[in-house]
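Asks: Supplied in structure tokens, the structure appears directly below.
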Amino acid sequence: MSAEDLEDYETEMELALYREYRDVVGLFAYVVETERRFYLANSVDLVPRSTDGEVWFELTLTDAWVWDVYRSARFVKQVRVVTFKDVNVEELAKNDLTVPET
């Protein structure tokens, strides 16, 4: 497999992932971004924690979809994320759910 073939394959995988996102975004209430992943979820519980002066976050998502091109199963019942980095949680308004066609 050449470098060009690999690049074409990765481009096709990303496009397929975007299309899947476009098809499922209307099923979810929240968009969640961490330093490692992007999620859609219907329930989000974010708890700031502190230990020895270090602040970290424990995040639990229920009924979620994970933006990850390498996962075979992107729909998950529950996700638990522990991070020292920023977490962004946004509630989707129903009128925000229109994704442009490609």
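The values are calculated or read from the model by the stated rules, or taken from the named source; none is laboratory data. This structure is a prediction, so every number in the text was calculated from the model and none was measured. For neighbour counting, all protein chains shown are included, and Cβ atoms are generated from backbone atoms with ideal geometry for every residue, glycine included. Surface accessibility is based on the protein's heavy atoms, side chains included, excluding ligands, DNA and RNA. Shrake-Rupley method; radii C 1.70, N 1.55, O 1.52, S 1.80 Å.
Asks: Express the accessible area of segment 21-102 per residue in Å², computed with a 1.4 Å probe while the remaining protein chains stay in the model. Provide the component values of the computation, followed by the final result.
Replies: On the way: 5430 Å² over 82 residues.
Per-residue value: 66 Å².
Asks: Under unit Cβ charges (Lys, Arg +1; Asp, Glu -1), what dipole magnitude, rounded to 20 debye, does the chain have relative to its Cα centre?
Replies: In total the dipole reaches around 580 debye.
Asks: Something else now. Using a 1.4 Å probe on the protein heavy atoms only, what accessible surface does K94 show? Give it in Å² to the nearest 10.
Replies: 150
Asks: Given the whole protein assembly as supplied and a 1.4 Å probe, what does the accessible area of S72 come to in Å², nearest 10?
Replies: 120
Asks: With a 1.4 Å probe and every protein chain kept in, tell me what percent of the accessible surface of the chain is carbon plus sulfur. Before the final figure, lay out the partial values.
Replies: Values: 3440 of 7090 Å².
Taking all protein chains in place, the chain shows 48 percent carbon and sulfur surface.
Asks: Quick one: net charge around V66, please, counting Lys, Arg +1 and Asp, Glu -1 for every other residue with C-beta under 10 Å from its C-beta.
Replies: +2
Asks: Sorting V55, V76, V25 by accessible area (1.4 Å probe), largest first, what list results?
Replies: V55, V76, V25
Asks: Give the shape of the chain as rounded, prolate or oblate, defined through the alpha-carbon gyration tensor: a ≥ b ≥ c are the square roots of its eigenvalues, a/c under 1.5 means rounded, and otherwise the shape is prolate if a/b is larger than b/c and oblate if not.
Replies: Numbers: a/c = 2.51, a/b = 1.46, b/c = 1.72.
In terms of gyration-tensor shape, oblate.
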